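Engineer: Below is the structure I would like to discuss, written out as structure tokens.
The values are calculated or read from the model by the stated rules, or taken from the named source; none is laboratory data. As the structure is a prediction and not an experimental result, all values here were calculated from the model. Because the Cβ atoms are built from the backbone with ideal geometry, glycine has one as well, and the counts that use them run over all protein chains shown.
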Amino acid sequence: MSYRFLMGPALSFVTVSLLAAQSVPTPRSYFSFEIGAERQMANWTELTSYYEKLAETSQRVTVDTLGATTMGRPFVMLTITSEENQARIEELHAIQMKLSDPRQVSGEEELSRLLDTGRAVVLITHAIHSTEVGGAQTAARLAHRLASSDDPKVREILDNVILLDIPSLNPDGTEWVVDWYNQWLDTEYEAGPMPWLYHYYVGHDNNRDWYAFTQKETQHTVLGAHNAWHPQIVHDIHQMGGNGARIFFPPYIDPIEHNVDPGLVTAVNMLGTYMAAELTAQGKDGVVVDAIYDGFTPARAYQHYHGGARILSETASARIATTTTVPPERVGGGRGYDAAVASANYPNPWRGGEWGLPDIVDYQDAGAMALLTNAAKNRRYWLENFYWVNERAVNGWDEWPSAWVLPADQENPGGLAYVLRILRMADVEVHEASRAFQADGNGYAAGTYVIPMNQPYASFAQTMLEVQHYPDLREYPGGPPRRPYDVTAHTLPLLMNVEAMAVEHLQPGLDAIVGGDPIPTPDFEFDLPSGLEEGEAPRIAVYKSWQEPMEGGWTRWVFDQHGLQYDTLKDARAREGSLRRDYDVIVFQDQSPTSISEGYAAGALPDPYVGGLSEDGLRALEAFVKDGGRIVAIEAATDLVADLFDIGVSNAVERLESLDFYVPGSILEVRLDTEHPLNEGMDESVSAWYWGSSRAFNIEDPDVRVTARYSEGNPVRSGWILGPEYLAGKAAVVEASVGSGSVVLIGFQPNYRAQSMATWPLLFNAMNPSGGERPRTEAGGGS
Ligand SMILES: [Zn+2]
């Protein structure tokens, strides 16, 4: 892949040439409908051709293709600024790069000149969640206005701001969802669900990839926009549920993540509040701040660790592009506000009524314009704040160690490569020690990886490498836990099974150890375990229903990266029976028994997408196992499999109240029976991912073999847990023989968003019923 400013002057991207003579086409003339018209949407093919037309006809606009999407579509970024700024864009880019790294600024005089001449760089990203359809349409309206209007407000923005606009963060999904909607328009299925993930691998989880960078779309955005420009402001446009506020802006609710610079937290609060004020001043009702969303996880907030303020906006949804009516009595609240009551953070409640695509696009457009206006009016503040945040990082925070060190010679080289890849892709400078050294009394070899913690993006390294101690937040004193918006842990060394140490005193000093350039970004190093190579692997099927869970997609991604051969098993094939003829192993990722066996109800979708495994499919699974096959079931799917085969286990944490037991996404210690083939090649202690859909098993049949248990005492290693005693010592993974086959029930998530590499060996071992050097343990007694 190639990116404009990464590659220097040898431009291998396409910048469409500027032709001043033509007039800038309006969306209406180009699409034959107004952007934001009810039930009318342009798809990705149409949108990208419009953006090329804008770049051809407006000297304010360039369009670059940053790479190809997962399915091969162009992943596009517009750069929009005044004609004068476009003419000196390289110079303005160089200023931005200097401000992003205070080590490159020679003194007060140069700094003052950079602050005088630099422009505020704003990145707006649209449509990461494809069914939140407004964003991709809003992008076209916004781009047209900025490309063509001579309104003084627009000129002020163009003169002071360089806007990088990614009109869809998931072009494949934008194309699919719009085409699906148009296909069923004016039928009983209008605005119905699309029966596959709108990102080929990860669906809605595509905005949980902002530190692991596994997907192409994330990589293009991080390398081609974030790292190429280090924007001061990033605005990510989303939609939320339709019964409460009409639009959310920050401040976010607690907790903040403690490595985010306070100057960024306050910048976010200021800008979000400004946007709310602008929209409210315009008479828009239903604007809420300081509610619903927290900003804790870096999985959603790359820019918080790269000098940028992240402004999430969430506009109320309709039914895709079809207008809905919300009766006043159905207007409901959310965390941090009551939608029926005026309050300081929600002063002008929305009282219900009609809401559709025209409203969504109006609100999103107004939000983006307010954000750009603030960036333009406060250009110098944004540049100074950015510089100071970066300067504090370069000086190192008192709370941070001097350095992190990762020994080069580790048991899990694939995990080490993954961690180093993440850090380097996030612009963290990682060095190989040029000589042996001592740190805090321990000796390290030459070649040890060293991350000095006095560098611009040290906060990213710190948050990704340290252990999280998530605060015990309650709805009210003594009340139930306050649910985090996402999860509570992201400690890479635990997830990836890698050794990393925070060190304070290095001898000789850092400078003597880390001279020279940082290491290049390593690639993934994923090796297929022995016995699973093409030709010798068991015949594997990954179950894929019309309601495929995202965990199924993440599993396909990991298997594809490893080159593991597998089929996807659809309901129709399963119902035919004779599964043993084609398969040795069938995998069911986290999916509820009802979803697996029943799927979509008749009438919800056209006939080919209705129904699940049904009775025929379940009987076929029974025959498959009795005939020597293996079923591997994960989390919620274990309920169906345990039931179907009458395995003597029950979910030990099923009926517990959150006040008593709560693990909203944490890393726990699990202890393994290393004699069992499922744990081949693994250590006795492993870090595993546990969250709301995870299970712990009570064993009611002595013939069920327990191969892994949650550790005794408090098993949490990073994150948050309430009621560890309910998990302690319980079975986490079990295996049972059925007929001449077997079932494996995995209670935790062995492939958490393609990051829990520590437990991938278990997942792969489970794919190989005949694997392992040692003879299989026969039935009899749990460990
Ligand atoms: Zn969203």
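Engineer: Among the residues of the range 170-203, write down those that are away from the ligand (no atom under 16 Å from the Cβ), assigned to a loop (DSSP other than H, G, I, E, B) and either among the small types (Gly, Ala, Ser) or more than 30 Å from Met496 (Cβ to Cβ) (or both).
Structural biologist: Trp184, Leu185, Asp186, Thr187, Glu188, Tyr189, Glu190, Ala191, Gly192, Pro195, listed by residue number.
Engineer: May I pose another question? For Glu725, which of the numbered conditions (1) in contact with a strand residue (DSSP E or B) (Cβ under 8 Å, 6 or more places away or on another chain); (2) of a type in the set (Asp, Glu); (3) outside any strand (DSSP E or B) fails to hold?
Structural biologist: Glu725 satisfies all of (1) in contact with a strand residue (DSSP E or B) (Cβ under 8 Å, 6 or more places away or on another chain); (2) of a type in the set (Asp, Glu); (3) outside any strand (DSSP E or B) except (1).
Engineer: Still on this model: Quick check: is even one residue across the range 300-309 under 23 Å from Val161 (Cβ atoms) and assigned to a strand (DSSP E or B)?
Structural biologist: For the range 300-309, residues under 23 Å from Val161 (Cβ atoms) and assigned to a strand (DSSP E or B): present.
Engineer: Specify which of the listed residues (Tyr444, Tyr346, Tyr363) is surrounded by 22 or more Cβ atoms within 10 Å (Cβ to Cβ), of a type in the set (Ser, Thr, Tyr) and under 30 Å from Glu466 (Cα atoms).
Structural biologist: Numbers: Tyr346 fails: under 30 Å from Glu466 (Cα atoms); Tyr363 fails: under 30 Å from Glu466 (Cα atoms).
Result: Tyr444 is the single residue among Tyr444, Tyr346, Tyr363 that is surrounded by 22 or more Cβ atoms within 10 Å (Cβ to Cβ), of a type in the set (Ser, Thr, Tyr) and under 30 Å from Glu466 (Cα atoms).
Engineer: For the range 624-642, give me each residue that is without any contact (Cβ under 8 Å) to a residue 60 or more places away in the chain and touching a Pro at 6+ places or on another chain (Cβ under 7 Å).
Structural biologist: Answer for the range 624-642, where residues must be without any contact (Cβ under 8 Å) to a residue 60 or more places away in the chain and touching a Pro at 6+ places or on another chain (Cβ under 7 Å): Asp639, Leu640.
Engineer: I'd like to check something: does the range 716-727 contain any residue that is crowded, with 21+ Cβ neighbours inside 10 Å, at pLDDT 95 or above and touching a Gly at 6+ places or on another chain (Cβ under 9 Å)?
Structural biologist: yes
Engineer: Mind checking whether some residue in the range 485-505 is at pLDDT below 95 and in contact with a Gly (Cβ under 9 Å, 6 or more places away or on another chain)?
Structural biologist: yes
Engineer: Still on this structure, I have one more. Is it the case that Asn206 is among the polar types (S, T, N, Q), more than 26 Å from Arg379 (Cα to Cα), more than 15 Å from the ligand (Cβ to nearest atom) and surrounded by 19 or more Cβ atoms within 10 Å (Cβ to Cβ)?
Structural biologist: On the way: among the polar types (S, T, N, Q): yes; more than 26 Å from Arg379 (Cα to Cα): yes; more than 15 Å from the ligand (Cβ to nearest atom): no; surrounded by 19 or more Cβ atoms within 10 Å (Cβ to Cβ): yes.
Here the answer is no, as Asn206 does not meet what is asked.
Engineer: Continuing with the same structure: Could you give me the residue pairs with C-beta distances under 9 Å whose first residue belongs to the range 514-531 and is of a type in the set (Phe, Trp, Tyr), whose second residue is assigned to a loop (DSSP other than H, G, I, E, B) wherever it lies, and which are 6+ apart or on separate chains?
Structural biologist: Phe524/Thr214; Phe526/Gly563
Engineer: Related question: Inspect all residues belonging to the range 398-413 and state whether any of them is out of contact with any helix residue (DSSP H, G or I) (no Cβ under 6 Å at 6 or more places or on another chain), under 25 Å from Asp209 (Cα atoms), surrounded by fewer than 21 Cβ atoms within 10 Å (Cβ to Cβ) and modelled with pLDDT of 95 or more.
Structural biologist: yes
Engineer: Also: Condition first: over 17 Å from Ile247 (Cβ atoms) and among the polar types (S, T, N, Q). Now tell me which residues in the range 324-349 satisfy that.
Structural biologist: Thr325
Engineer: Given the condition at pLDDT 95 or above and under 30 Å from Met275 (Cβ atoms), answer yes or no: does some residue in the range 428-446 qualify?
Structural biologist: no
Engineer: Looking at Asp179, Asp159, which one is in contact with a Lys or Arg (Cβ under 9 Å, 6 or more places away or on another chain) and over 15 Å from Leu66 (Cα atoms)?
Structural biologist: Asp159
Engineer: Tally up the residues in the range 533-555 that are at pLDDT below 95 and buried (at least 16 other Cβ atoms within 10 Å of the Cβ), please.
Structural biologist: Summing the residues that are at pLDDT below 95 and buried (at least 16 other Cβ atoms within 10 Å of the Cβ) in the range 533-555 gives 1.
Engineer: Please give the number of the condition Gly135 fails out of (1) within 21 Å of Ala267 (Cβ to Cβ); (2) within 16 Å of the ligand (Cβ to nearest atom); (3) in a helix (DSSP H, G or I); (4) not hydroxyl-bearing (Ser, Thr, Tyr).
Structural biologist: Gly135 satisfies all of (1) within 21 Å of Ala267 (Cβ to Cβ); (2) within 16 Å of the ligand (Cβ to nearest atom); (3) in a helix (DSSP H, G or I); (4) not hydroxyl-bearing (Ser, Thr, Tyr) except (1).
Engineer: Let me spell it out: the conditions are (1) within 16 Å of the ligand (Cβ to nearest atom); (2) among the β-branched types (Val, Ile, Thr); (3) modelled with pLDDT under 95, and Val341 meets all of them except one. Which number is the exception?
Structural biologist: For Val341, the failing item is (1).
Residue by residue, here is whether (1) part of a loop (DSSP other than H, G, I, E, B); (2) in contact (Cβ under 8 Å) with a residue 24 or more places away in the chain; (3) of a type in the set (A, V, I, L, M) holds:
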| position | (1), (2), (3) |
| --- | --- |
| Leu92 | no, yes, yes |
| Gln96 | no, yes, no |
| Arg103 | no, yes, no |
| Glu110 | no, no, no |
| Leu123 | no, yes, yes |
| Ala139 | no, yes, yes |
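Engineer: What's the total number of residues in the range 440-492 that are more than 16 Å from Pro664 (Cβ to Cβ) and assigned to a loop (DSSP other than H, G, I, E, B)? Before you say what the answer is, go through the steps one by one.
Structural biologist: Here is the first cut: in the range 440-492, the residues more than 16 Å from Pro664 (Cβ to Cβ) are 440-467, 476-478, 492.
Of the ones still in play, those that are also assigned to a loop (DSSP other than H, G, I, E, B) are 440-441, 445-448, 453-457, 466-467, 476-478.
So the count comes out to 16.
Engineer: Here is a further query. May I ask you to list the residues in the range 244-270 that are within 16 Å of the ligand (Cβ to nearest atom), over 17 Å from Asn378 (Cβ atoms) and either assigned to a strand (DSSP E or B) or in contact with a Lys or Arg (Cβ under 8 Å, 6 or more places away or on another chain) (or both)?
Structural biologist: Correct list: Arg246, Ile247, Phe248.
Engineer: Can you give me the number of residues within the range 534-562 that are in contact (Cβ under 8 Å) with a residue 24 or more places away in the chain, part of a loop (DSSP other than H, G, I, E, B) and not basic (Lys, Arg)?
Structural biologist: 8
Engineer: Take the range 219-239 and flag every residue that is surrounded by 22 or more Cβ atoms within 10 Å (Cβ to Cβ) and either within 16 Å of the ligand (Cβ to nearest atom) or without any contact (Cβ under 8 Å) to a residue 60 or more places away in the chain (or both).
Structural biologist: Thr221, Val234, His235, Asp236, Ile237, Gln239
Yes/no matrix, rows are residues, columns are (1) touching a strand residue (DSSP E or B) at 6+ places or on another chain (Cβ under 7 Å); (2) under 22 Å from Asp159 (Cβ atoms):
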| site | (1), (2) |
| --- | --- |
| Met41 | no, no |
| Leu47 | no, no |
| Arg60 | yes, yes |
| Ser82 | no, yes |
| Asn85 | yes, yes |
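Engineer: Can you pull out every residue in the range 293-318 that is under 30 Å from Trp355 (Cβ atoms) and hydroxyl-bearing (Ser, Thr, Tyr)?
Structural biologist: Within the range 293-318, Tyr293, Thr297, Ser313, Thr315, Ser317 qualify.
Engineer: In addition: For the range 326-340, give me each residue that is part of a loop (DSSP other than H, G, I, E, B) and under 30 Å from the mean Cα position of the chain (by Cα).
Structural biologist: Scanning the range 326-340 gives Val331, Gly332, Gly333, Arg335, Gly336, Asp338, Ala339.
Engineer: Quick check, is Ala147 away from the ligand (no atom under 16 Å from the Cβ), part of a helix (DSSP H, G or I), closer than 27 Å to Arg208 by Cα and at pLDDT 95 or above?
Structural biologist: No: the conditions fail for Ala147.
Engineer: Turning to a different aspect of this structure: In the set Leu659, Leu621, which member is in contact (Cβ under 8 Å) with a residue 40 or more places away in the chain, over 30 Å from Thr187 (Cα atoms) and assigned to a helix (DSSP H, G or I)?
Structural biologist: Only one candidate passes the filter, namely Leu621.
Engineer: Picking from Asp571, Asp639, Asp590, which residue would you name as being in contact with a Ser or Thr (Cβ under 8 Å, 6 or more places away or on another chain), crowded, with 20+ Cβ neighbours inside 10 Å and under 30 Å from Asp523 (Cα atoms)?
Structural biologist: On inspection, the qualifying residue turns out to be Asp590.
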